[in-house]
Every structure is written in C-alpha cells, then in structure tokens.
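Chemist: This structure is in structure tokens; I'll ask about it shortly.
Please treat every number below as a calculation from the coordinates, not as lab data. In this text, all values refer to a predicted model and were calculated from it rather than measured experimentally. Note that each Cβ is placed from the backbone with ideal geometry, even for glycine, and that neighbours are counted across all protein chains shown.
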Amino acid sequence: MLPPFWTLVETHGDELLAHARRLAGDAAEDVLQDALLRALRAYPRLRHAEHLRAWLYRVTTTTAIDHHRRARREVVTDEPPVVATYDTHDDFEALISGLNDTAQVALRLRFVDDLDYDGIASELGCSVAAARQRVSTAVRTIRESYA
Amino acid sequence: MTPLPESLLESVAAAAVREGLADALYTRLSTPIGRLLVVSGPDGIVRVAFESEREDVALAEVAAALGPNVIGSDRELAASRDALSAYFEGGEALHLPVDLRLTHAPFRRAVLEKLREVPLGETVSYGELAARAGNPRAARAVGTACARNPVPIIVPCHRVLPGSGKLGSYAGGPERKRTLLNLEGVTSR
C-alpha cells in the first residue's frame, strides 16, 4: 500500500531540496517543484511501496539533469556544468546514449522512474504490449552492443 | 529539519490540481476545539480528524479509499477553511459538500445522511435519529454510526444527545461536544 504522497514530501522534502541544490544550485526550487510533479504523475502506478525515498532522489536527479540540458540548449555559456556527478545515473545515461530517443525514453521510464508497463504505455501514448516491446528491444540492443 | 518553502509546496499543489493529479487534498486548521485535519476528495469533504486522532492513520485511510496522491494545501482548500472559520468564529451554518464514501455500512450511511438535515442550533436523540433513518429500534447502531463518523462537525454528530437530555458521548471527547453545542447556542445538562 502506497503511503499518502504528501507524507513523503513532509518527511523527505528538506533533504530533497538540499539534493536539488547540490545538483542545480539556484534553480533548486524549480527543479524540486518539477520533480515532485513528475513523481505525482508516476506515483499511483509504482509497482511497490519500497525504496520510496530513493525513488524520489532518482526523480529529482533526472529532473535536475533535464533542467540543465534545457538550460544549456537555451543559453550558450562558458560556465562549466553545475550538475554534480552522480555515478550510477551517469553510467546509465552513458549506457543508453547510443540508442534512439524513443528507446532512451522507454528505458528511463522503466529503470529511472520505475514505472510498470501500464505506466510506460500511458506516458508514451502506446499500448502496453508496445511499451513492453520497446523496453525489451532496447535492452536487447544494449546487450548485443556489448556482446 | 527545515520545512520546504510554503510557496514551493503551494505551487506543486496548484499544478497537481490543474493537471487532475490530486486524489485528495488536506489542510490543517486551528479552531477553539484544537487543530483539525480536513481532507477533501473530488466530491466533497471525506474526513475530518481531531488533534487527538492519529493524522497518519487518517491520511492513510483516505489514500486507501481515494488513491495515494494525497496533497496538503491551504490555498486549494481556502473555501473550506473560510467556511469552517465562519462557523467557529461567527456561528455561521456549514454547507460544505460531503462525501461519505468512508462509511461503508448502509445503515450508518443512512444515519449520517439524516443527521446532515439537523440544522445548527437543534439537537436530536439517538432514538429519533434511528427512526428517521428507517429503524426506530436501532438507537445503539446510531451511536456506533456517530462514533465512527468520518466527517465530524460537518456531519453534526455533536447534535445527537441521549433521551435524558445529558451530553452523552462523543468521538472527540465530551469537552469538544460541549464547546460545539455552546457555540451553536445549545445548552445541555
């Protein structure tokens, strides 16, 4: 049984904001606001009620990275990226970087946002079978590229 | 522990409501009978909890029935807060929409529906309310329905008194019942 979402926010909100600040500096509040909204979209479809704190950290990390990418696209700057290194995530992003966009998005929804196939299907606007197909094809592609 | 900025939380709540992501909203309100937790679903207020109740249990109960996206927001529930303040401060009658889905037993639900019709300033006996709900012999079941009323104050179980005219029992404790009745101009023995 999933706990009320706001109970998580009241319990972990301050540390998530600190995490967002490490990743995104002054944009921390914007990042966390977006991250909480993203989390709310996915929350009812999570497959289990475990590791919710870790899941919120992942959503916040992904959101910070997306913000940073968007900011980089919008403003050309000499400043080095403020996004801190986040090993697991960087490894994951490196792993999927060779795939096409659709495959990357499917894998992020599955392994970063931790959605089930119903959730992935509704995010991608495709059938559950198609969502399953996209994830498994993407995983196979990665596996073969390392074979 | 520094809580998150109120503005951030309210922005998330407002965006969630706009996107239709909220299963339920809640707010906390200071009143003459202590802090109240007020929870609203899409069809009306589903739960009111006294300070003496466990808030996490009340919210978990709502999440189980309506969905896990339970969100705190004073601003999104401003209308309910204003109505409750007007009741507590100015003795104005409450006409907030109520959703009784947390009451599953049909007779209890019938009791609470009938109880909603008892206006401010009036009281009803357990036996009389049982009769109005369709079973004059079920005064004891009316007592249970009131004790488990998920929406006290708004569904006014404090207006139900024993035939003796005494105060009788109350889920929130007799002192709260007395305060509410006094506020409504009713004196009990």
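Chemist: Using a basic spin-label model with each label point 7 Å from the Cα along Cα→Cβ, how many nm lie between B:Glu175 and B:Glu6?
Modeler: Taking the two extended label points, one gets 2.8 nm.
Chemist: To continue, here is another question. Once a ≥ b ≥ c are taken as the square roots of the eigenvalues of the Cα gyration tensor of region B:52-125, is the result rounded (a/c under 1.5), prolate (a/b larger than b/c) or oblate (a/b not larger than b/c)?
Modeler: Oblate, since a/c reaches 1.5 and b/c is not below a/b.
Chemist: At what distance in angstrom do the alpha carbon centres of region A:1-71 and region B:18-84 lie from each other?
Modeler: So the two Cα centres are separated by 22 Å.
Chemist: Restricting things to alpha carbons, find the Rg to Rh ratio for region B:95-137 using the Kirkwood radius for Rh.
Modeler: Ratio of gyration radius to Kirkwood radius: 0.98.
Chemist: Sticking with this one: Using the Cα centre of region B:105-181 as the reference point, and only Cβ charges (+1 on K/R, -1 on D/E), how large is the resulting charge dipole? Debye, rounded to the nearest 20.
Modeler: 200
Chemist: Put one equal scatterer on each alpha carbon of the protein assembly as shown, apply the Debye formula with no solvent term, and list log10 I(q)/I(0) at q = 0.06, 0.12, 0.13, 0.15 1/Å to two decimals.
Modeler: Ignoring solvent entirely, the Cα scatterers give -0.31, -0.88, -0.97, -1.17.
Chemist: Just grab the label-to-label distance for B:Ala93 and B:Glu51, each label 7 Å out from Cα along the Cβ direction, in nm (one decimal).
Modeler: Rounded to a tenth, the inter-label distance reads 3.0 nm.
Chemist: Cysteines without a disulfide-compatible partner in the protein assembly as shown, using Cβ under 4.7 Å as the rule?
Modeler: When partners are defined as cysteine Cβ atoms under 4.7 Å apart, the protein assembly as shown leaves A:Cys126 without one.
Chemist: Additional query: Bin width 10 Å, alpha-carbon pairs only: give the P(r) of region A:87-147 as whole percents, running from 0 to the bin holding the largest distance.
Modeler: P(r) over region A:87-147, rounded to whole percents: 25, 55, 20, 1.
Chemist: With charges set only on the Cβ (+1 for Lys and Arg, -1 for Asp and Glu), what does the dipole of the protein assembly as shown come to about its Cα centre, in debye to the nearest 20?
Modeler: 1640
Chemist: To the nearest 20 debye, what is the magnitude of the charge dipole of region A:87-147 about its Cα centre, counting +1 on the Cβ of each Lys and Arg and -1 on the Cβ of each Asp and Glu?
Modeler: The dipole of region A:87-147 has a size of about 380 debye.
Chemist: Any idea what diffusion coefficient region B:50-189 gets from Stokes-Einstein, in µm²/s, Kirkwood Rh on alpha carbon pairs, 20 °C, 1.002 mPa s?
Modeler: 134
Chemist: For every other residue with a beta carbon closer than 12 angstrom to the beta carbon of A:Asp101, add +1 if it is Lys or Arg and -1 if Asp or Glu, then tell me the sum. Walk me through the intermediate numbers first.
Modeler: Values: positive: A:Arg108, A:Arg134; negative: none.
Once all neighbours under 12 Å are counted, the net charge is +2.
Chemist: Also: Under the definition of partner shielding as Cβ atoms of other protein chains within 10 Å of a residue Cβ, what is the mean value for peptide A:8-19?
Modeler: 3
Chemist: Given 37 °C and 0.692 mPa s, compute D for chain A with the Stokes-Einstein relation, Rh being the Kirkwood radius over Cα pairs; round to the nearest whole µm²/s.
Modeler: 202
Chemist: Can I ask one more? Per the Cauchy relation, a quarter of the hull surface: what is the mean projected area of the convex hull of the alpha carbons in region B:6-90, in nm²?
Modeler: Mean projected area for region B:6-90: 5.5 nm², to one decimal.
Chemist: Now, a different point. Would you list B:Ile45, B:Ile33, A:Ile142 from fewest to most Cβ contacts within 10 Å? Walk me through the intermediate numbers first.
Modeler: Numbers: B:Ile45 26, B:Ile33 22, A:Ile142 16.
The most exposed by this proxy come first: A:Ile142, B:Ile33, B:Ile45.
Chemist: Could you estimate the translational diffusion coefficient of region B:106-183 from the Stokes-Einstein equation, with Rh from the Kirkwood formula over C-alpha pairs, at 37 °C and 0.692 mPa s, in whole µm²/s?
Modeler: Stokes-Einstein gives a translational diffusion coefficient of 272 µm²/s.
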